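Okay, structure first, notes after.
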Amino acid sequence: MNRPLPFDPIARAAQLWEDRIGPSDTMAAVTGVMRVQQIVQSAVDGALKPHGLTFARYEALVLLTFSRQGSLPMRVMGERLQLHPTSVTNIVDRLESGGLVARTPHPTDRRTTLVEITDDGRARYEVATKAVTDIDFGLSGLTGRQTQQLTDLLTKVRKAAGDFTE
């Protein structure tokens, strides 16, 4: 990361926006969300890289550990991770090449392939989870209550965008 600026560039941009264009609240909020996403992504990537994982691969391992059987159909993984089938295939290919998951035939549906987490995958999930939780997923500077408020607000935006229905 570069040296910190002696001023908040988003606040400065918001003031200029206000002076030249009009109300700047939404612009400042979106710009702040985008910048925080960069900060969080960098921190999480840094925590996961020593474990040979990207966030997408880590999420897939987490999803599999959360499943009752330790396996899920690839289609279900895509739905839950909100990813295109091609992206899921790429993630599973990478995890499989590292011995962290295995593809297995579905016991009752020949058209379906299951992805099952391996013992190595569970071990990697555990050390990677410690790494990301040790850094609070890169979301520092907030209290527990503020983190919950942020989650609630972001959930409202996601719901309004049609991310989920309940």
Practice task
Could you calculate the FRET efficiency of residue 102 with residue 21 from 1/(1 + (r/R0)^6), where r is the beta carbon distance between them and R0 is 35 Å, rounded to 0.05?
Solution key: 0.05
Fill in the blank from the handout: Listed by chain and number, the lysines with an alpha carbon less than 23 angstrom from that of residue 130, same-chain partners under 8 positions apart left out, are 49
Exercise for the section: Provide the net charge surrounding residue 75, with neighbours chosen by a C-beta distance below 12 Å and charges set as Lys +1, Arg +1, Asp -1, Glu -1. Expected result: 0
Handout entry: Convex hull volume of the chain per residue (C-alpha atoms, cubic angstrom)
Key = 169 Å³
Handout entry: Whichever aspartates and glutamates have a C-alpha closer than 18 Å to that of residue 156, once near sequence neighbours (fewer than 8 apart) are set aside
Key = 25, 166
Handout entry: Candidates 98, 78, 22, ranked by Gaussian network fluctuation over the chain, Cα under 10 Å, top entry
Key = 22
Handout entry: Nearest-10 value in Å² for the accessible area of residue 79, using the 1.4 Å probe
Key = 110 Å²
Exercise for the section: Can you send over the carbon and sulfur percentage of the accessible area for the range 24-90, probe radius 1.4 Å, protein chains only? Expected result: 58 percent
Practice task
Go through 77, 34, 27 and list them by solvent-accessible area, largest first, probe radius 1.4 Å.
Solution key: 34, 27, 77
Problem - Cα-based helix-to-principal-axis angle, 144-160 vs the chain, degrees rounded to 10 - result: 80 degrees
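Solvent-accessible area per residue for the chain at a 1.4 Å probe radius, Å²?
On the way: 11770 Å² over 166 residues.
Accessible area per residue, the chain: 71 Å².
The values are calculated or read from the model by the stated rules, or taken from the named source; none is laboratory data. The shown structure was predicted, so the numbers you read here are calculated from the model rather than taken from an experiment. Using ideal geometry, Cβ is built from the backbone for each residue, glycine included, and neighbour counts are taken over all protein chains shown. For accessibility, only protein heavy atoms count, side chains too; no ligands or nucleic acids. Shrake-Rupley method; radii C 1.70, N 1.55, O 1.52, S 1.80 Å.
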